[in-house]
Amino acid sequence: MLRALSLRRSLQAFHHYHHHHHQQQPTNPHSNLLKALSSTTSPNPNPNLTRPFSSLSSSPSSEAEFRKYLGYFALLLGCGIATYYSFPFSDSAKHKKAQLFRYAPLPDDLHTVSNWSGTHEVQTRVFHQPESLEELEQIVKEANEKKQKIRPVGSGLSPNGIGLTRAGMVNLALLDNVLDVDVEKKRVRVQAGIRVQQLVDAIKDYGITLQNFASIREQQIGGIVQVGAHGTGARLPPIDEQVISMKLVTPAKGTIEVSKEKDPELFYLARCGLGGLGVVAEVTLQCVERQELVEHTVVSNMKEIKKNHKKLLSENKHVKYLYIPYTDTVVVVTCNPVSKWKGPPKFKPKYSHDEAIQHVRHLYQESLKKYSPEAITAKSSDNSEPDINELSFTELRDKLLALDPLNKDHVIQVNQAEAEFWRKSEGYRVGWSDEILGFDCGGQQWVSETCFPAGTLAKPSMKDLEYIEDLKKLIEKEEIPAPAPIEQRWTASSKSPMSPASSSAEDDIFSWVGIIMYLPTMDARQRKEITEEFFHYRRLSQTQLWDLYSAYEHWAKIEVPKDKDELAALQARLRKRFPVDEYNKARKELDPNRILSNNMQGKLFPSSDTI
């Protein structure tokens, strides 16, 4: 009976998986057997073919026919039993763990491209990787003549897959060279496919580096600029403001160079152009002197933050807050240049790393006993399972959340363990800016990040802290299983009109707040449930907070609604904040056949006649 239950559940999961992927379900030997048995027991629609046993026994031909069908039945039954015992379910199937299922090897010319979080994926037969500017120009020219899509895609780190389309893509990973370094002006000209870490490593010997960094270093320069990415620091603008000039390969006008001096209107529009105005081939960036930074991590609370907020924003080059839902814990992380006179601070941490993380390991071991006692036995016999003492905090958090990711009480317990981890991790760290300003974001995840005005550096509006208070109240009221952290950062304004932090006032500051739900498992059913809960969380934030605080989503994290009314509302909302008509006009002039756009851009920025 247990065997039959496992079969039924596996078939249900099997059907759900393939329905979700719009694939044709392959023939299952068990389902064939069930259909055959069903056909032998179902009523015959033709009454002339239905005979009582008495009439069958009175006729030799009837007896022969009866024996024939009885033989068929025995043969089918025998085949079913043989199949059942020849191909038993594996233990992983019994426990309903997701396994990568392949119908057949993919064709050689079919490329599967997904974003880092595994939340968006496409398959395409058109995936260009040019090795020279001339080759890129030829690809764009031919694609425009054929009206063939070639959407620019970078490292695929955007949570919303903004660069993906199955119609065709172009990737500049092979165009990753530093072309020129001007040490005196602290400027560097690079091919747009170079990754941030590559660039930083290449120019550090010149004593310069980038002004600011996002949380990770694997983005291509072209991509990180085009989506309006940012670091943190109320005096520091988003990364697009570091761009001095750009070389664009456009479908209609060929290769053009734009800067503050050459076509400034198009330059500012294209700096945060979302890949729709041309393929960014080269970028000239304004750098800064390479410095060592002191990172200071301290645990506070909202009452103390309110007292010191203005000071924290104005006196620190880089600052961010990490809030732990269902607690009053606020982790404050500041970074500043090492003092030339005092040098790095002399500080001995109260706890070692092992001591800081030990209670998290203990919670994981205790949670395993509660949620998956059989996993403890399996783990002891599985040499491939990593030692718990070798896991980082974020890896432990993923494993803890995977046990019951949507159980609010379990998530609260994990959050409390994280708060304690940060309390025991207070202290200082010294390193170069590209080493210090990074942040371990954890594993695969859904994330939504909004940007909204927060006054000026001289006079913060305090709306940024009010937003967080309202968000935390919303989480607790709706009992959302919200994991940590809620990350809050700040930037100065940008002159790029398509930037979420765009403003003509140079002293304006903007706050960026990210909410998150991790995808710590490959179980398809569990990932679907987490996805649904995350979009419920995001929708509540949207309906109750975004209009109130004039908040707009990060371009790499905005998701296109499926509902037509919601999409129309989003389009109207974007038009209030961004120069959509000017952007569409530039797209029409530079890319009249829309070969650089994908479905997302088409829905977010429909032309006026479409509306």
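Brief remarks on what is shown
- Which listed residue, of LEU400, LEU406, is in a helix (DSSP H, G or I) and either surrounded by 21 or more Cβ atoms within 10 Å (Cβ to Cβ) or not small (Gly, Ala, Ser) (or both): LEU400
- Residues being of a type in the set (Ser, Thr, Tyr), surrounded by 20 or more Cβ atoms within 10 Å (Cβ to Cβ) and outside any helix (DSSP H, G or I) - total across region 428-479: 2
- The one condition from (1) assigned to a loop (DSSP other than H, G, I, E, B); (2) charged (D, E, K, R); (3) within 18 Å of ASP470 (Cβ to Cβ) that ARG539 does not meet is (1).
- Within region 487-506, residues that are surrounded by fewer than 21 Cβ atoms within 10 Å (Cβ to Cβ) sit with their Cβ atoms under 6 Å from residues that are modelled with pLDDT of 95 or more and assigned to a loop (DSSP other than H, G, I, E, B), at 6+ positions apart or across chains, in these pairs: PRO497/PRO579; SER503/SER493.
- Total residues in region 124-135, condition closer than 19 Å to GLY156 by Cβ, polar (S, T, N, Q) and either in a loop (DSSP other than H, G, I, E, B) or more than 24 Å from the chain's Cα centre (by Cα) (or both): 1
- Region 536-595 - residue that is surrounded by fewer than 17 Cβ atoms within 10 Å (Cβ to Cβ) and among the β-branched types (Val, Ile, Thr) and, of those, modelled with the highest pLDDT: THR543
- Candidates GLU487, GLU529: the one that is in a helix (DSSP H, G or I) and modelled with pLDDT of 95 or more is GLU529.
Per-residue answers, yes or no, for (1) among the acidic types (Asp, Glu); (2) touching a residue at least 12 places away in the same chain (Cβ under 8 Å):
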site	(1), (2)
GLU137	yes, yes
LYS146	no, no
GLY154	no, yes
LEU164	no, yes
LEU172	no, yes
ASP182	yes, no
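- Residue that is surrounded by the fewest Cβ atoms within 10 Å (Cβ to Cβ), among those in region 307-345 that are of a type in the set (Ser, Thr, Tyr) and in contact with a strand residue (DSSP E or B) (Cβ under 7 Å, 6 or more places away or on another chain): THR334
- Taken over region 286-309, the criterion of being in a strand (DSSP E or B) and of a type outside the set (Val, Ile, Thr) is satisfied by GLN286, GLU289, GLU292, LEU293, GLU295, HIS296, SER300, ASN301.
- Matching option when the condition is over 23 Å from VAL227 (Cβ atoms), open to solvent by 30 Å² or more (accessible area, probe 1.4 Å), at pLDDT 90 or above and assigned to a loop (DSSP other than H, G, I, E, B), among GLN148, GLN138, GLN99: GLN148
- Condition met for SER215 (assigned to a helix (DSSP H, G or I) and either under 25 Å from the mean Cα position of the chain (by Cα) or surrounded by fewer than 22 Cβ atoms within 10 Å (Cβ to Cβ) (or both)): no
- Residue within region 509-529 that is out of contact with any Pro (no Cβ under 9 Å at 6 or more places or on another chain), buried (at least 17 other Cβ atoms within 10 Å of the Cβ), hydroxyl-bearing (Ser, Thr, Tyr) and farther than 19 Å from LEU401 by Cα present: no
The values are calculated or read from the model by the stated rules, or taken from the named source; none is laboratory data. As the structure is a computational prediction, the values presented were derived from the model and not from experiment. Backbone-built Cβ (ideal geometry, glycine too); neighbour counts: all protein chains shown. Side chains included, ligands, DNA and RNA excluded: accessible areas come from the protein's heavy atoms. Shrake-Rupley method; radii C 1.70, N 1.55, O 1.52, S 1.80 Å.
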